[in-house]
Amino acid sequence: MIEIFKQPNLDWMGKAKFFFTLSGLLLLIGWSAIFLKGGIKYGIDFRGGTNVDVRFAHPPNVDQLRASLQRQGLGNSEIQGVSDIANPNSNEVLIFVEQVGQGDQALDESKAKVLTALDATYGVEGTGKADFNAVTPSALANALSQKDPLGLSVNAGDKYQQIAKNLLTFRDTDKNGVLSSLDELSKVEGATPAVLSAIKDTYSLAPFTIRNVEIVGPKVGGELRNQAIRVTLYALAGMLLYIAFRFEWVYGAAAVIAVFHDVLITLGLFKVFGFEISLTVIAALLTLVGYSMNDTIVIFDRIRENSRLLRKEPFADVVNKSINQTLSRTILTSGLTFLTVLVLFLMGGQVLRAFSFALVVGIVVGTYSSFGIAAPLVVAWNRWRGQGVAAGTGTAAGNRPKGNGSGQPRLAPAGRR
């Protein structure tokens, strides 16, 4: 393994009070902001709102769309691209508008605002014609019946209903709901030049269509928030059991306290810098939990190995040596990951800003807590129990003392790592 530092000899446990003071200050600043400024700022996912599904004829300019929504008073809206394996270039986006009311009225108002913003940015101005991308089969059939481009006097309604059905099936199935040119309809059965001319006289073509509008109520948002909290607690409980089994229960407790410390500091900094907690941020926090725990386990594993080799040394010295031995590994892995997420934060755009901020803060705080919080807590516990004089005594070695007939505690087998 590449070593950045050659045999470092830093007294990490001697600086434990400094680490605890720093963490206390960060927690105080963050959570004072939370309590004094109205609590944690949740995203639309948790507050509820109106979800508008929009499909474009061409790839939309998301920044331009976001600016247009902001001019309509929808600055808190979230825009998410939609794609799948079957249709990777659907040019479809979901616009999530913050909840402004309840029921059909709120649905209509939110849809109207989004439509106004879309018309202002992408709409066809000055035509005075209806949008063919938004027309219904019955409206199209009625319009064709009134113009009667085929000169039918008897059974004209049935004929034009079939033509309208063919035209809109082509629009919705072959063109994914959006036409880029009315001339594309010439491929459809029944779309004669006369019919096509009548359609051009009646309709214009906006480069987008609203496919679906639905409300996500605050009750659903609250359920999502509770589920996110439960998932995080389940993850912490599982890690506590794993570390308690692999090492000693005090190690598991210290690791979970350190992870709680990481999450609480990150949430506080979110409030200080004005970021919202959304579902993607919850994913980042869970990633942070796993990343921090992994780094802590690496240090704990080295402590256990050194406890067998250095049984007569003070436990604090064993912990210092273990952290120093893993320091190069920690800087390499955490440093490279930090640089990656920092680039994502600086250049990933507004959509990924909160997600990448959680990772940037989480990697720094999670790495720091492994040697600055988790390890000092284990040392403090051993000192409090009076077992920190030598690494090989009691729980200081990370093993439960069990009699083996020689009067010495029995070490855990080397294979249990």
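Which of the residues spanning the stretch 12-40 are small (Gly, Ala, Ser), within 18 Å of residue 266 (Cβ to Cβ) and part of a helix (DSSP H, G or I)?
Selection gives 23, 24, 30, 32, 33.
Can you name every residue in the stretch 140-154 that is surrounded by 14 or more Cβ atoms within 10 Å (Cβ to Cβ) and over 14 Å from residue 185 (Cβ atoms)? Talk me through it step by step, then tell me what you get.
Step one: list which residues in the stretch 140-154 are surrounded by 14 or more Cβ atoms within 10 Å (Cβ to Cβ), which gives 140-145, 147-150, 152.
Selection gives 141, 142, 145, 147, 148, 150, 152.
Could you say which residue among 275, 270 is at pLDDT 85 or above, in the same structural domain as residue 227 (by TED's automatic domain parsing), closer than 17 Å to residue 360 by Cα and in contact with a strand residue (DSSP E or B) (Cβ under 8 Å, 6 or more places away or on another chain)?
Values: 275 fails: in contact with a strand residue (DSSP E or B) (Cβ under 8 Å, 6 or more places away or on another chain).
When all the criteria are applied, what remains is 270.
If residue 36 meets every condition in (1) more than 23 Å from residue 349 (Cα to Cα); (2) in contact (Cβ under 8 Å) with a residue 40 or more places away in the chain apart from one, which number is that one?
Unmet for residue 36, out of (1) more than 23 Å from residue 349 (Cα to Cα); (2) in contact (Cβ under 8 Å) with a residue 40 or more places away in the chain: (2).
Specify which of the listed residues (233, 279) is surrounded by fewer than 20 Cβ atoms within 10 Å (Cβ to Cβ), of a type in the set (A, V, I, L, M, F, W, C) and within 30 Å of residue 53 (Cα to Cα). Steps first, please.
Details: 233 fails: within 30 Å of residue 53 (Cα to Cα).
Just a single option satisfies the conditions, and that option is 279.
Within the stretch 191-214, is there a residue that is touching a strand residue (DSSP E or B) at 6+ places or on another chain (Cβ under 7 Å) and either charged (D, E, K, R) or over 30 Å from residue 118 (Cβ atoms) (or both)?
The answer is yes; a qualifying residue exists.
Looking at the stretch 169-186, can you tell me whether even one residue there is in the same structural domain as residue 151 (by TED's automatic domain parsing), over 31 Å from the mean Cα position of the chain (by Cα), farther than 30 Å from residue 95 by Cα and of a type outside the set (A, V, I, L, M)?
Step one: list which residues in the stretch 169-186 are in the same structural domain as residue 151 (by TED's automatic domain parsing), which gives 169-186.
Then keep just the ones that are over 31 Å from the mean Cα position of the chain (by Cα); that gives 169-175, 179-186.
Then keep just the ones that are farther than 30 Å from residue 95 by Cα; that gives 186.
Cutting the leftovers down to of a type outside the set (A, V, I, L, M) gives us 186.
Yes, the stretch 169-186 has at least one match.
Residues of the stretch 268-285 being in contact with a helix residue (DSSP H, G or I) (Cβ under 9 Å, 6 or more places away or on another chain) and not in a helix (DSSP H, G or I), which ones?
Within the stretch 268-285, the subset in contact with a helix residue (DSSP H, G or I) (Cβ under 9 Å, 6 or more places away or on another chain) is 268-273, 275-285.
Those that are in contact with a helix residue (DSSP H, G or I) (Cβ under 9 Å, 6 or more places away or on another chain) and not in a helix (DSSP H, G or I): 275, 276, 277, 278.
Of these, 264, 288, which one is at pLDDT 85 or above and either assigned to a helix (DSSP H, G or I) or out of contact with any Cys (no Cβ under 6 Å at 6 or more places or on another chain) (or both)? Break it down into steps so the answer makes sense when it comes.
Numbers: 288 fails: at pLDDT 85 or above.
None of the others qualify; the one that does is 264.
Quick check on the stretch 314-330. Is at least one of its residues in contact with an Asp or Glu (Cβ under 9 Å, 6 or more places away or on another chain), in a helix (DSSP H, G or I) and modelled with pLDDT under 70?
No; the residues of the stretch 314-330 include none that is in contact with an Asp or Glu (Cβ under 9 Å, 6 or more places away or on another chain), in a helix (DSSP H, G or I) and modelled with pLDDT under 70.
Restricting to the stretch 220-261, what's the tally of residues that are in contact (Cβ under 8 Å) with a residue 60 or more places away in the chain, of a type in the set (Phe, Trp, Tyr) and in a helix (DSSP H, G or I)?
Qualifying residue count for the region: 1.
What do you reckon, is residue 225 touching a strand residue (DSSP E or B) at 6+ places or on another chain (Cβ under 9 Å) and within 30 Å of residue 252 (Cβ to Cβ)? If you could, list the steps in order and put the result at the bottom.
On the way: touching a strand residue (DSSP E or B) at 6+ places or on another chain (Cβ under 9 Å): yes; within 30 Å of residue 252 (Cβ to Cβ): yes.
Considered against the rule, which asks whether it is touching a strand residue (DSSP E or B) at 6+ places or on another chain (Cβ under 9 Å) and within 30 Å of residue 252 (Cβ to Cβ), residue 225 comes out as yes.
Within the stretch 99-140, can you find the residues that are closer than 11 Å to residue 204 by Cβ and at pLDDT 80 or above? Full working, then the answer.
Within the stretch 99-140, the subset closer than 11 Å to residue 204 by Cβ is 123-135.
129, 130, 131, 132, 133, 134, 135 - these are the residues of the stretch 99-140 that are closer than 11 Å to residue 204 by Cβ and at pLDDT 80 or above.
The values are calculated or read from the model by the stated rules, or taken from the named source; none is laboratory data. Just so it is clear, the model here is predicted, and its values are computed rather than measured. Neighbour counts are summed over all protein chains in view; Cβ atoms, including those assigned to glycine, are modelled from backbone coordinates with ideal geometry.
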